[in-house]
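Structure record follows, encoded as structure tokens.
The values are calculated or read from the model by the stated rules, or taken from the named source; none is laboratory data. Bear in mind that the values here come from a model prediction, so they are computed numbers and not experimental data. Positions of Cβ are backbone-derived with ideal geometry, glycine not excepted, and every protein chain shown enters the neighbour counts. SASA here: full protein model, heavy atoms, side chains in, ligands and nucleic acids out. Shrake-Rupley method; radii C 1.70, N 1.55, O 1.52, S 1.80 Å.
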Amino acid sequence: MSFLAALRALAQGLDGRVQNGQNPRQMMIARTLQELHAAREALGPVGFVPTMGALHAGHLTLVATAKAAGRPVAASIFVNPTQFGPKEDFARYPRDEKGDLEKLEAAGCALVWLPGVDAMYPPNSATTITIGGPALQWEGASRPGHFSGVATVVAKLFGQIRPEAAYFGEKDWQQVQVVSRMVEDLALPVRVVPVPIVREADGLALSSRNRYLSEPERKAAPALYAALTHTAQEIAAGKEVAAALHRARQSLAQAGMVPDYVALVHAQTLEPLASFAAPARLIAAAKLGQVRLLDNVPVG
Ligand code: AMP
């Protein structure tokens with residue numbers, strides 16, 4: 001270390017100690033399990049935000065929510081191969097490590113875990129988590145193996161980070177229910193905290209994949225949220241559910257989308273509801289060009 005670097009490190013350390021016992025400007029970055037364990041020792045209880053990177057304001061809201069709880073925040077960036085199907089976009093999933101680290105640092109993250117595939121899936125690993133219940137339908141049916149990949153990687157991340165609480169976006173409503181089910185079933189010592197969806201001004205839910213929408217597709221994309229809010233109002237007002245869902249699919253098709261599903265479901269079990277009964281959620285997935293859009297709204 002040069003004299004200048006040593007001086008800078010000393011100044012930063014002193015600055016941090018004076019403020020609150022840890023340097024708020026120094027985010028730790030762990031790339032190996034050894035580095036992660038050392039960083040975790042240094043931090044005490046943390047809130048955890050797992051991500052696949054290509055970060056946007058939705059992810060940063062998770063970090064802000066975790067931070068507001070008063071604990072240091074650990075985030076992870078790992079594009080998890082096991083939650084992508086063979087024909088899905090794992091290879092072309094957006095990656096921007098430098099930009100992501102800058103955003104996490106600016107958001108006040110204390111630690112970022114950047115594991116390689118070998119740290120998450122050592123060659124001798126032989127354990128996979130299988131989830132029934134809320135994982136079986138919708139995304140689970142359209143993307144076989146997806147929730148098993150999600151549950152397995154999330155369980156491993158929980159074991160590595162040992163967070164007190166973990167923050168998940170309601171953007172992936174079914175995922176929140178699947179992870180909550182796993183945490184309860186396996187008695188994992190972590191609290192799952194759902195965070196509301198962050199949207200563009202025109203209603204489109206923020207997503208790392210939105211960057212792949214062409215200009216006309218981007219203009220058409222808010223039709224998904226518009227259809228969901230309209231349909232949720234119809235259902236809450238007592239309109240027949242099957243007919244309302246049918247109209248929603250039609251309006252998505254009119255906007256140039258290929259709807260995968262639009263469904264009224266029990267908010268936790270994800271079982272379809274033939275008629276409105278709280279707690280309910282209206283969930284949808286639709287393909288717009290090459291991009292699969294996912295969204296959901298509360299009902300009633
Ligand atoms: P991903 O990087 O897509 O795996 O997302 C990481 C976390 O960010 C998940 O818990 C997502 O549900 C959450 N997330 C993604 N988009 C949004 C959004 N628009 N609003 C709130 N949370 C989001």
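Pairs from the table (Lys67/Lys171; Lys219/Lys287; Lys219/Lys239; Lys103/Lys219) lying more than 23 angstrom apart at Cα are Lys219/Lys239; Lys103/Lys219. Grouping the Cα pair distances of region 208-299 into 10 Å bins from zero gives a pair-distance distribution of 18, 50, 25, 7 percent in increasing distance order. Placing unit charges on each Cβ (+1 for Lys and Arg, -1 for Asp and Glu) gives region 179-300 a dipole about its Cα centre, and among Val190, Ser251, Thr231 the Cα reaching farthest toward its positive end belongs to Ser251. Over all Cα atoms in the chain, the spread is summed up by Rg and Dmax: 20.8, 74 Å. If a spin label sat at a point 7 angstrom from the Cα of Glu102 along the line to its beta carbon, the backbone N atoms of region 68-96 nearer than 13 Å would be those of 96.
Taking Cα atoms only, the orientation of helix 146-161 departs from the longest principal axis of the chain by about 20 degrees.
Here is how the number arises for the chain: DSSP H runs of 4 or more residues each give -39500 (n - 2.57), the sum is divided by the residue count, and the result at 222 nm is -12500 deg cm²/dmol. Working ranking of peptides 49-62, 26-39 by packing, defined as the average number of other Cβ atoms within 10 Å per residue, highest first, is 49-62, 26-39.
Applying 1/(1 + (r/R0)^6) with r as the Cβ-Cβ distance of Thr128 and Glu184 and R0 = 25 angstrom yields a FRET efficiency of 0.85. Taking the C-alpha atoms only, the angle from helix 3-20 to the longest principal axis of the chain is near 60 degrees. Each DSSP beta bridge with both residues in the chain is either parallel or antiparallel, and the antiparallel ones are about 50%. Computed with a 1.4 Å probe over protein heavy atoms only, the accessible surface of region 208-299 comes to 47 Å² per residue. Computed from backbone phi with θ = phi - 60° and the Karplus coefficients 6.51, -1.76 and 1.60, the 3J(HN,Hα) list for region 46-62 is 10, x, 10, 10, x, 9, 10, x, 6, 6, 9, 4, x, 4, 5, 5, 4 Hz; x is used for glycine and proline.
What the pair-distance distribution of region 55-204 shows, using all Cα-Cα distances binned every 5 Å from zero, is 2, 8, 17, 21, 24, 18, 9, 2, 0, 0 percent.
For the chain, the dipole from Cβ point charges (+1 on Lys and Arg, -1 on Asp and Glu) about the Cα centre works out to 260 debye, to the nearest 20.
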